[in-house]
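Computed from the coordinates by the stated procedures, all read-outs in this text should not be read as laboratory data. In this text the structure is predicted, and so the values were computed from the model without any measurement. In this analysis, Cβ positions are derived from the backbone assuming ideal geometry, glycine residues included, and neighbour counts consider all displayed protein chains.
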């Protein structure tokens, strides 16, 4: 695609964002007095990793394999503290290990961990749907004696990522923003340092902390040229009708979560990531469980990084049945932009079993590496993943995982890799 066409696409996307915002504002204004509005109730536009969503799931009483809740008293104190102050928080620790075959270096053990402290403080309108909330998330990602988990995918020669959040990057700021709900919770405006994966192309199994290990089953199926966490930007999300919604925003494309203050300098370079999503949900409390959407994105050329501009589109369908089964189908296409894959198709399912909060996940992916990110002529990759997330107690999850990767595109000496994994997450 030539520069003229790319400029036209950028103009069209920017115009669409502007027009959609005006349209949504008008529709929401028209519906604000409608009997269909649920007062005192805010929609949850974020995915499973958004702080508000994760806090809600952390606080929810779970059905466990052991029936144990050793921190019951502490949990009750946290709830009382939230009621008094409007502050909700979680401290969690996640550790994981991957054992892949046929690596380039011969290494077969990758381990690392991460401690996170995240929360929100409702400062405006507490007890109503129109809250104003300060949200934060800080992390320390660290390795142990050997290479970190994030190094496994490159060593396999896989054009992609596996548990890339578990690296040895050290201290990081991933969320530092204000979220304002309006129109009885049907509209939210988010501004500050944010992680675009919290709102872009989300579905229930996308989280590397609680869902699939392989990134081809997460945001964009690895076809979206995502900026780093703590990207300075703005999102506006809203319900157009009771079922039709939009998510749109832009952020600094040159964000660096290990040096977030630098974003105030790079933001002025005018190199942005922009996205627009139109979707359909069955109800507000099942926002990322019963969800069908189309996501469009565009990323400006990043001159200093040497990455060309790019654009793409993604489709996602997921539906939960009987609170047990959730099949999904997802597909994505990218033109340039520095994305990992230029084409990706995934299908699979999640299944709750046993005590109810334990989860079985299965997925199959076909992916084509992005020619401008790597080089032309690389083979298509095929990925199969199966994991079992065991809710051992209220505060502990253990997730065994197995992946089979056919044709790792960047490993000329192997035509497959079998990857065994184990992840543990404890919350406090």
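Enter the per residue convex hull volume of the stretch 226-282, computed from alpha-carbon coordinates, in Å³ rounded to the nearest integer.
Values: hull volume 4.5 nm³, N = 57.
Spelled out: Cα convex hull of the stretch 226-282, divided by residues, is 79 Å³.
Would you give the gap between the C-alpha center of the stretch 315-331 and the C-alpha center of the stretch 408-424, rounded to a whole Å?
One Cα centre to the other: 27 Å.
Which of 282, 85, 219 moves most in a GNM of the chain, Cα contacts under 10 Å?
Looking only at 282, 85, 219, the largest GNM fluctuation is found for 85.
Averaging sequence separations of C-alpha pairs under 8 Å and six or more residues apart, then dividing by the length of the stretch 277-423, give the relative contact order as a whole percent. Provide the component values of the computation, followed by the final result.
On the way: 358 pairs, mean separation 19.0, N = 147.
So the answer I get is 13 percent.
Average the reciprocal distances over every distinct pair of alpha-carbons in the stretch 315-374, invert the result, and give the Kirkwood radius in Å.
Details: mean 1/r = 0.0767 Å⁻¹.
This gives a value of 13.0 Å.
At q = 0.07, 0.11, 0.13 Å⁻¹, what is the log10 ratio I(q)/I(0) for the chain, with the Debye formula run over Cα points and no solvent?
-0.32, -0.84, -1.22
With springs connecting C-alpha atoms under 10 Å apart, model the chain as a Gaussian network and identify which of 70, 124, 294 has the largest mean-square fluctuation.
Most flexible of the set in this elastic network: 70.
What does the extension gain come out to for residue 329 and residue 145, with contour length at 0.36 nm per residue minus their alpha carbon separation?
62.4 nm
Starting from the Cα-Cα distance between residue 347 and residue 262, subtract it from 0.36 nm times their residue separation and give me the gain in nm to one decimal. Before the final figure, lay out each step's value.
Details: separation 85, 0.36 × 85 = 30.60 nm, distance 3.86 nm.
Value of the extension gain: 26.7 nm.
Among 379, 48, 408, which one moves the most in a GNM of the chain with springs linking Cα atoms closer than 10 Å?
Ranking 379, 48, 408 by mean-square fluctuation puts 379 first.
Mean separation of Cα pairs under 8 Å and 6+ residues apart, divided by the residue count of the stretch 3-427: what relative contact order is that in percent?
Working: 1153 pairs, mean separation 64.9, N = 425.
Computed over the stretch 3-427, the figure is 15 percent.
If we count other beta carbons within 10 Å of each Cβ, what is the order of 198, 285, fewest first? Provide the component values of the computation, followed by the final result.
Details: 198 26, 285 12.
Ascending Cβ contact count within 10 Å gives the list 285, 198.
May I ask you to sort 176, 45 by Cβ crowding, counting other Cβ atoms within 10 Å and putting the fewest first? Before the final figure, lay out the partial values.
Details: 176 16, 45 32.
By the 10 Å Cβ count, ascending: 176, 45.
With a 10 Å Cβ neighbour count serving as the proxy for reagent exposure, in which order, fewest first, do 201, 290, 195, 155 appear? List each step's numbers first, then the result.
Working: 201 28, 290 19, 195 25, 155 22.
The order, fewest Cβ neighbours first, is 290, 155, 195, 201.
Tell me the mean residue ellipticity at 222 nm calculated for the chain from its helices only (DSSP H runs of n ≥ 4, each -39500 (n - 2.57), averaged over every residue, nearest 500).
On the way: 5 runs with 61 residues, N = 428.
Calculated from helices alone, the mean residue ellipticity at 222 nm is -4500 deg cm²/dmol.
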